[in-house]
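To keep things clear, I will list the structure first and then write my remarks on it.
Just so you know, all these numbers are worked out from the coordinates, no wet-lab data involved. Everything numeric here is computed off the predicted structure, so don't read it as measured data. Methodologically, a virtual Cβ is constructed for each residue, glycine included, from the backbone with ideal geometry; neighbour enumeration extends over all protein chains shown.
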Amino acid sequence: MKLNRLVGQLAVLGLAAHAGAVLAQSEAGSKLERVEVTGSSIKRLKDEGALPIQVISRKDLERQGIVSAEQLISTLSVNGNGLDNLASNADVVAGQARGNNGASSANLRGQGAASTLILLNGRRVAAHGLNGGVVDLQQIPFAAVERVEILKDGASAIYGTDAIGGVINFILRKNYEGLEAQAFTDVTQAGGGNISTLKLTGGWGNLERDKFNVLASLAYSDSQMLRGDQRSFVNTFQPSRGLSVDTRGTPYATVFTLSSLATALSNKSSAGPIQPGTTVAMNGINALDLPGQAGCASIEGQAAYDEVLWATPSAKWGCAWDTGRAAVLQQPVKSTNAVVRGTLALGEHQLFAEFVGAHVVTDKSFSPNQISSSSSASNPFFFNLAYPSTGTAYNSVFNAIAAVFPTIEKNRGLPLALRWRCMPCGNREIETTSDTKRLLVGADGPLFGGWDYKTGVSMATSDTTSLLKHGYFYGKPFAALINNGTLNPFPTDGITQTADALKALDAVRADGVTLYGGKFTLTQADFTASGPVMKLPAGDMMAAIGTDVRTEKYKFNGNATDAATQATIFNAPFDSVNTLDTVKRDVKAVFGEVLVPVFKGFEASAAVRHDSYTGFGGTTNPKFSLRYQPFEQLLVRASTSRGFRVPTFNQLYNGTTESPYSGKDLADPGKCPGGVVDPTKPGCESVTPTILTGGKSTLGPEKSKQWTWGLVWSPVPDVAVSADWWQIRKTGTIQSVALSDMVKNYALFTDNFQRDASGTLQAIDNRWVNAGETITKGLDLSARGTTQLGTGRLTVNMEGTYLLDKRSRLLASAPMGASEIGVFTRAGDLGLRWKHSLTFVYAEGDWATMFQQLWRAGYKDAQLPGVANGSIVPPEWKPNVSKYVTYNASVSYTGIKNLGLTFGIKNLLNDDPPFSAAYDGNTGAGSSWEPRVADPRGRSYTFTVNYKFW
């Protein structure tokens, strides 16, 4: 009974990564053995270290209906709010985000996915094949996970220099006997986005009895598509709240003027017709929006373009189209994961071999292509694209415009330059297939004098390919279909085309063409030995020493499709500029750790690691920690460490990508201080320069210094409350400075704004740089308690993170900026002041019930240009996004032999994500909601059946 209470206390304290293992060993009658804890190489009797660790058991995951690593990460208060999940990468992306197709990542303490170390059974796995620097969580075989250990502290001195934000260690089941199957389903009430999984796990042999164990696990998961038009809260046309969409590529085409194209509106004039009674030249006229016509809203998904919110008076007669409702809120993912592990006991030694593999297919689907007439030489297949006067809709469009602008009558018969959302083309779809593998062989056991060792050799790969699944087409023949009138860009319902037109369109599709592919390979060998050094009055002085060598290789094939074919396909995001033959780096490390019991209740530990990187030389990073327990009810702990992260292969070697700025909210800050569009002020007109993104071979490492100190108070054996204050300071941060920050701080970045001889802004260099400094401070709060209640037992657990400070300086010479907590930013991490999860579990006999609250604080919302410059205050506009709070519940029953049943409800109150005016700008996701914070699925019902055959 006392041991049960001891283990319970360890779990309460959040320190017992292996409390269950300790209990199992004792109940079997064996002696307590030392175990290794995430965050230390030293084995000890119980996890009594000085570092804050959160442990999530297999049972916890099942009660919450969590069946994937991405779902788990979304519930963690310690995880940041970056563009790291599938929902945030579900729309058009540009620049640095283009290598993240199908990837989902972790972002501890908001330090970025590249600064969060992901381990599987304590060892590294391969980075995603398309970005070569960040681990895709979908490769984790969740069906075989026994528990998840989250180290909320830097661990560069233990695991490697990149563990700045923390470590997530997925621990798989071991020494399992039996055969069990599990079926899980998660069905949304509103439809769409359903999730189902099937798992089969078998184990044969017992290490203590049979001296061997073989474990095999196979799982299949299917997450179905959730479209924007399946959720009512997705609505970009809410001008009364300060939100409207900035695209005039509509299902019923908008007519534009072009200086080099003879069109019915301009006759080679760069300006459109003058609005009667004003001096404003109109451009981007949609016939539906003119007086006496059907109106923009006569076609589903269209509404009038809001020229006031976007501060674009010349767009008065434009229509817009809701791209958000065409986007996919939950990308469809089909994954197959397998684990095979064999362990052989030879005396006190164990030899093992482990294979982990995953096959993941992700479909990214977003709005149909926008087709535009163009005078740009970089758009060769659409130069002189125009709808002819012989087209079936020509007269109706021309007559509607001429009725309001009679001066264009002289141009009757000339073709129409246009911008059209090609609805018959269908949504653009990119299919990404990722095959990941890791083969590991190793051994562990005793050495001499109480010392133990562990060693292993592994190879891990991630081979990933993206292809054009649907919605892309060959440019020249497609243009011909418009130029000869076969395709009608002005269908009265926005969709319908003739049978001949649809047949001709199908003939020019580029379905199935490979977009690009990449492969990351990690080869690693490690050896660690730990044990007692000497006996001190307060106990054994413990130490660990080890070495870790690895080779990382990365290859990116942007020319999987030949350059000539790439050039013929319109608007496909090929990345031939980033093609890399295999590049590699070797990392060699030695490390040591010592644990000194200074006196009873007080111990100090120190660790140091020296890493040598190809191309970056050596770096030595120490870590020091203290643990003081003056009396049984109180524990005080502290640690300090340094980190060092080298650039990823993409950050170093990517080529320079040129992408035109697509928004209408940017003015030249060199001529218009602040860069806020205001057509009434000379120089403050909207500009669309080319944005340069990509890698830099001259990038250096980013360095960090961090500390944590906290206390754990346990007033009674079954209750504990902990608080940990922490700070992370990074210098030389590797970042692509947000364009908005460059504009606001133009004086610091004048060299990044590239101009022609006349001073006209041509391009903005937004490539990776080592820039400035960031500082993040926070408070992690944890409380856990368990008590007898009636004939059952109630357990309460709370995990929360409160941000105290988050700010940065853009350059080392610049002043520290204002607080970034609770302030919208499109790039990087959205710093929420407070996040928590609060869980109640009541267990009685064969029944267990769970109730959970997830809380995410609100923040200051984004503003469209008209609101930002003060020209309009929408009647229902609010400056802040509301908090997001959801509730989950489940009930489990195990009263039938070998059978376990769990029924749950997620989002009990069916709360929609809070409204946000952060229109995606056509380069991200989230129109009227924020995918970094909220879950778009709404209320859903989960059901799990677990059956043990033996």
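Just a few scattered comments:
- The separation of the stretch 403-445 from the stretch 821-891, counted between C-alpha centres, amounts to 31 Å.
- Residue-span extension gain [Gln633 to Leu502] - 0.36 nm each, minus C-alpha spacing: 39.7 nm
- Global form of the stretch 274-328, assessed from the alpha-carbon gyration tensor, a/c cut-off 1.5: oblate
- Rounded, prolate or oblate (a/c below 1.5 giving rounded, otherwise prolate when a/b exceeds b/c) for the stretch 409-514 by Cα gyration tensor: prolate
- Dmax and Rg, reported as Rg then Dmax, of the stretch 784-922 (C-alpha, Å): 21.8, 69
- Convex hull of Cα atoms in the chain, direction-averaged projection (nm²): 39.1 nm²
- For the stretch 528-675, the fraction of alpha-carbon pairs in successive 5 Å shells from zero, as %: 2, 7, 10, 10, 10, 9, 9, 8, 8, 7, 6, 6, 4, 3, 1, 0
- Calculated FRET efficiency, Glu208 to Thr787, Cβ-Cβ distance, R0 = 45 Å: about 0.80 to the nearest 0.05.
- Whether the stretch 738-829 is rounded, prolate or oblate, judged on the alpha carbon gyration tensor where a/c under 1.5 counts as rounded: prolate
- Rg over Rh [alpha-carbon atoms, Kirkwood Rh] for the stretch 671-827: 1.20
- Antiparallel %, DSSP beta bridges [both residues in the chain], to 5: 95 percent
- Estimated dipole of the stretch 281-395 in Debye, rounded to 20 [Cβ of Lys and Arg +1, of Asp and Glu -1, Cα centre]: 180 debye
- Using a cut-off of 23 Å between Cα atoms, the listed pairs Lys878/Lys906; Lys152/Lys174; Lys588/Lys703 include Lys878/Lys906; Lys152/Lys174 as exceeding that distance.
- Residues of type lysines that Lys410 reaches as a straight line, Cα spacing below 25 Å, ignoring anything fewer than 8 places off in the same chain: Lys268, Lys316
- Length gained when the stretch Ser232-Ala294 is fully extended (0.36 nm per residue, less Cα-Cα span): 19.9 nm
- Using equal-weight Cα scatterers in the Debye expression, the normalised intensity of the stretch 580-633 in log10 at q = 0.12, 0.13, 0.25, 0.31 Å⁻¹ is -0.47, -0.51, -0.93, -1.12.
- For the stretch 674-747, Kirkwood radius (reciprocal of mean inverse C-alpha pair distance, Å): 17.9 Å
- Computed from the Cβ-Cβ distance with R0 of 30 Å, the FRET efficiency linking Asp222 to Phe851 stands at 0.60.
- Peptides 622-630, 403-411 ranked from most to least packed by the mean count of surrounding Cβ atoms within 10 Å: 622-630, 403-411.
- Scattering curve values for the stretch 161-200, log₁₀ I(q)/I(0), Debye with Cα scatterers, q = 0.24 Å⁻¹: -0.86
- DSSP bridge pairs, the stretch 107-185: antiparallel proportion in percent, nearest 5: 60 percent
- Protection proxy ranking, peptides 74-87, 241-254, 522-535, average beta carbon neighbours within 10 Å, highest first: 241-254, 74-87, 522-535
- Cβ-derived FRET efficiency at R0 60 Å, Asp751 paired with Thr390, nearest 0.05: 0.70
- Descending by average beta-carbon neighbour count within 10 Å, the peptides 365-374, 554-563, 500-509, 130-139 line up as 130-139, 365-374, 554-563, 500-509, the highest first.
- Plainly put, the stretch 222-296 has a radius of gyration that is 1.13 times its Kirkwood radius, both from alpha-carbon atoms, as the Rg/Rh ratio.
- Ala183 paired with Leu909, simple spin-label distance in nm, labels 7 Å along Cα-to-beta-carbon: 3.5 nm
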